[in-house]
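Here's the structure, in structure tokens; my notes come after.
The values are calculated or read from the model by the stated rules, or taken from the named source; none is laboratory data. Source: prediction; values computed, not measured. Glycine gets a Cβ as well: all are built from the backbone with ideal geometry, and neighbour counts include every protein chain shown. The area values use the complete protein model at the heavy-atom level, side chains included, leaving out ligands, DNA and RNA. Shrake-Rupley method; radii C 1.70, N 1.55, O 1.52, S 1.80 Å.
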Amino acid sequence: MAIQLGGEETPMSDINTTPLVDVMLVLLIIFLIAVPVAIQTVEELRIPIIETQESDDKVENLLITVTTTDAQGRTPDTIRSGFTGATRDGECRVFLNNTTLVDSTELYDRAFERLDAIVQRAGGPEAIMADPELIPQVHIRGDVNAPWRCVAGTIFNVQAAGYPTVAFISNPVDPEG
């Protein structure tokens, strides 16, 4: 603590460090207690194993992947094809449920047959319209380089087949990079 002697009225420039030291000591005590609790390891962890069963009332959504051929005309559907990624000028490739490569006519036919089977299993159009949760949706996962013409053609075909709802699946972008 500084004491002013003399008649000059100059401001005191010394910092009172007592509150700073008090806060630091309290934080030190908190960390000394919290760190051992935080770094305890789990000796044995027993994760329950649950058998999953597909429910009968689950909505059967249709998953479609849209991409194109690469610059050399190779498709991503074959193993070890050397596919280098979709290009904007490539030929459209549509995969039904991520496995079956289909053209536009086949996409329409398969989507219609699938939707018709779901509607008949539900008890007809009136029964499925009574419970909107039973109406299946189309989920489209489009390659970032797939041109809009490929995605729009897919949307047109599934809506013409009777699917009322089309949604897009995206991969979240990592903000770090």
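Among 23-33, 95-105, the peptide with the highest mean count of other Cβ atoms within 10 Å heads the list, and the full ranking is 95-105, 23-33.
Among the protein heavy atoms, those of MET129 account for about 130 Å² of accessible surface (1.4 Å probe, every chain in place). Placing ASP70, ASP143, ASP89 in order of accessible area, with the largest value first and a 1.4 Å probe, yields ASP89, ASP143, ASP70.
Residue order by solvent-accessible surface for ARG149, ARG121, ARG141, ARG93 is ARG121, ARG149, ARG141, ARG93, largest first, with ligands and nucleic acids left out and a 1.4 Å probe. Using 0.36 nm per residue and subtracting the Cα-Cα separation, the extra length available between ARG149 and MET24 on full extension is 38.7 nm.
Leaving ligands and nucleic acids out of the surface, order TYR108, TYR163 by accessible area at 1.4 Å, largest first. Show your work: numbers first, answer last.
On the way: TYR108 80, TYR163 5 Å².
My answer, sorted largest first, is TYR108, TYR163.
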